[in-house]
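The values are calculated or read from the model by the stated rules, or taken from the named source; none is laboratory data. Please read all numbers here as calculations on a predicted model, not as lab measurements. Glycine also receives a Cβ, built like all others from the backbone with ideal geometry; neighbour counts cover every protein chain displayed. Only protein heavy atoms, including side chains, enter the accessible area calculation; ligands, DNA and RNA are left aside. Shrake-Rupley method; radii C 1.70, N 1.55, O 1.52, S 1.80 Å.
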Amino acid sequence: MKVILDCDTGVDDAMALLYLLSSDKAQVIGVSTVFGNISAAMAAVNSLRVLELAGAEGIPVAQGTEVTIRGDIPVLAPHVHGADGLGSSNLPHPRGVIATETGPELIVRLARENPGEVHLIATGPLSNVAIALGIEPRLPELIPSITVMGGAAEVPGNQSAAAEANILHDPEAAQAVLSAPWNVTLVPLDVTMREILTEDHRKRLEIAGNPVASFVSRITDFYFDFFHSVSFDERCSPCHDALAAAIAIGDVVPLSAPVIHVEVDCNDGPARGATICDTRGRYQGFPEQEGAHCAVVLETSGDFADRITQRFVEWVGGRL
Ligand code: BDR
Ligand code: CA
């Protein structure tokens, strides 16, 4: 599967990228970056760093937008991902350079060059993807299916009581992307907050003796402190973006992912950015909803943290 990753390369985006690079099911053909955890510029540098760590130089990295599609200046999240977006891990500055095209231009170009063959995985705010839809309205024909980490279907938000961060960063973009006529798989907090990387996993990574596992152990060390302070009673973290990547390439098969209507609240009230998922059918086994094209992942098996840890412990070919 040819994959474009559109991301805001913080800790869990880096893990998603490494996970994709470690898989023989995915061929990453491009990375576009967007504001979110950090600036799109820093996310591009971080993506190059991660690619070089993995020995995967040569994959184009294009910097996308630093503002929302309505022009809002975002609030970034260095307290979650570190000032450098990678848990202050001091990864060397990359040798590679950022592409001259923009993130949305890269998405459109690769889609046109590979019609029907590319899967887009979005693990940041959906601004680049919405801009790409504006540049090329046929994008949903060229890219028939996309996977999005974002939203909260039946659980609380994380950026506000109602909304998840990637969606709340740019609700108008999210509404445009989720309503475009392609098949969307939405991987919301309902599942990502239940796939938990623990201190045991981190220690296994620390002693694995390869650069990728060591790097993931370092970046999650920082990340764990944030989640300990706001979400959990111990140092640990959810697996947001890497879970979405694993679902996208078929490594994780959801236990429940009904195809249902999803709307994004674009009002300026307390529910701004909420993903209103029509789960009313849950008591009837989710009967078909006419016109729905968004599979919302509501349940996964809970063993993904073990699996990704093992994947990185067994990493071959990485170098630093
Ligand atoms: C999402 O927001 C970002 O902080 C993470 O990278 C992830 O994509 C989780 O809400
Ligand atoms: Ca992200």
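Per-structure values
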| read-out | value |
| --- | --- |
| Charge sum, other residues only, whose C-beta stays under 10 Å from Ala62's C-beta, Lys/Arg counted +1 and Asp/Glu -1 | -2 |
| Fraction in percent of alpha-carbon pairs per bin - 10 Å, region 163-320 | 10, 32, 32, 19, 6, 0 |
| Rg/Rg_ref, the chain, where Rg_ref = 2.2 N^0.38 Å and atoms are Cα | 0.91 |
| Region 1-129: C-alpha gyration tensor shape, a/c 1.5 cut-off, then a/b vs b/c | oblate |
| Sites Ile73 and Glu154, calculated FRET efficiency, Cβ-Cβ separation with R0 41 Å, nearest 0.05 | 0.85 |
| The chain - accessible surface per residue (Å², probe 1.4 Å) | 39 |
| Euclidean distance of C-alpha centroids, region 174-199 and region 300-315, integer Å | 19 |
| Cα gyration tensor shape of region 179-226, rounded if a/c is under 1.5, else prolate or oblate by comparing a/b with b/c | prolate |
| Glu314 accessible area, 1.4 Å probe, all protein chains in place, Å² to nearest 10 | 110 |
| The chain - percent relative contact order, Cα under 8 Å, separation 6 or more | 20 |
| Residues in region 145-185 that a label on Lys2 would reach, taking backbone N under 14 Å of a point 7 Å out along Cα→Cβ | 145 |
| Local net charge near Ile121, Cβ-Cβ under 12 Å (Lys/Arg +1, Asp/Glu -1) | -2 |
| Alpha-carbon centroid distance for the pair region 218-265 / region 55-82, whole angstrom | 19 |
| Gain on full stretching of the segment that runs from Asn183 to Glu290 - 0.36 nm per residue minus C-alpha separation | 37.1 nm |
| Accessible surface of Ile98 - all protein chains present, 1.4 Å probe, nearest 10 Å² | 60 |
| Added length on full extension, which subtracts the Cα-Cα distance from 0.36 nm per residue, Ser301 to Ile207 | 31.2 nm |
| Inter-label distance for Glu101 and Glu57, nm, one decimal - labels placed 7 Å from Cα along Cα-to-Cβ | 2.2 |
| Distance histogram for region 236-320 (every C-alpha pair counted, 10 angstrom bins, percent rounded to whole numbers) | 14, 33, 32, 15, 6, 0 |
| Nitroxide proxy distance, nm - points 7 Å out along Cα→Cβ at Ala83 and Asp200 | 3.6 |
| Restricting region 1-106 to trypsin sites (Lys or Arg not before Pro) in coil, as DSSP defines it, with at most 11 other Cβ within 10 Å | Arg70, Arg95 |
| Net charge of Cβ neighbours under 13 Å - reference Asp221; Lys, Arg +1; Asp, Glu -1 | +1 |
| Shape category assigned to region 125-181 from the gyration tensor of Cα positions, a/c cut at 1.5 | prolate |
| Percentage relative contact order, region 49-198, counting C-alpha pairs under 8 Å, at least six apart | 22 |
| Per-pair calculated FRET efficiency, R0 = 25 Å: Ser145 and Arg282 via Cβ, rounded to 0.05 | 0.60 |
| Carbon and sulfur %, accessible surface of the chain computed with the full protein complex present, 1.4 Å | 52 |
